[in-house]
1. Is there any pair linking a residue in the stretch 147-161 that is within 13 Å of M92 (Cβ to Cβ) to one that is in a helix (DSSP H, G or I), with Cβ under 6 Å and at least six apart or on different chains, and which?
2. With the condition kept exactly as written, say whether any residue in the stretch 14-31 is at pLDDT 85 or above, in contact with a strand residue (DSSP E or B) (Cβ under 8 Å, 6 or more places away or on another chain) and either buried (at least 18 other Cβ atoms within 10 Å of the Cβ) or not small (G, A, S) (or both).
3. Among the residues of the stretch 84-102 satisfying the criterion of being assigned to a loop (DSSP other than H, G, I, E, B) and open to solvent by 20 Å² or more (accessible area, probe 1.4 Å), which is farthest from S56 (Cα to Cα)?
Amino acid sequence: MLILEHGHSSGVRTYEEHGFLESVLRIVSPATETLSLRIRRLDVKTILSIIEKHPSSIATIRHLSLMTTSVSFGDIVRVLELMPLLTEFDCMMNVVEDKNEIVSSRGYVEKRYIERFSPLNRNIRLVRFMNMNVRNANDMALAAMLLCLMCPKFTLAHLPCVPCDSYVGNIKKHLGGKSFGRYKDRIECLFLGE
């Protein structure tokens, strides 16, 4: 396990963030399977561009934790593209960018996500959305449903800070709508055992 913590006030030495992450990724052991990034002053786009430059450093990573910056659903898709062996991902998701189109337009999910990205990642099975509020429950439900359709092994979204009934309620609501109804059999795994 490798934990990179930077810009934290608890006595961790301060480096220039971009250079710090680049330097560490150059020396990461090929045996590293867990990577936890806690870099406060870098946005996720910068982190992903740095990771992209070091494919051999991330080739064996199976568990990524990115907890100090919020990610969009597009960022999650990018992480899963860059890290094909990833089985678990911990993040704070802020938004599904095109949620209005997803829920209101028949065929949008197929064209925008399934046809374009499927299969996105053949190994991811769990995403932990570590958000601290319920306001994002709908976005997290949409993200879990889309991941379930694009990633063959994805069966679990863990939301430790969101009431289960809010998350499951949003999934059930969307299963009754235009975009997801035909995928009910595949998506039901997200709330079996609720």
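The values are calculated or read from the model by the stated rules, or taken from the named source; none is laboratory data. None of the values given here were measured: they were computed from a predicted structure. In this analysis, Cβ positions are derived from the backbone assuming ideal geometry, glycine residues included, and neighbour counts consider all displayed protein chains. Protein only, heavy atoms only, side chains kept; ligands, DNA and RNA dropped before computing areas. Shrake-Rupley method; radii C 1.70, N 1.55, O 1.52, S 1.80 Å.
1. From the stretch 147-161, the pairs are L159/M140; L159/Y167.
2. No - not one qualifying residue is present in the stretch 14-31.
3. The extreme case among them is E97.
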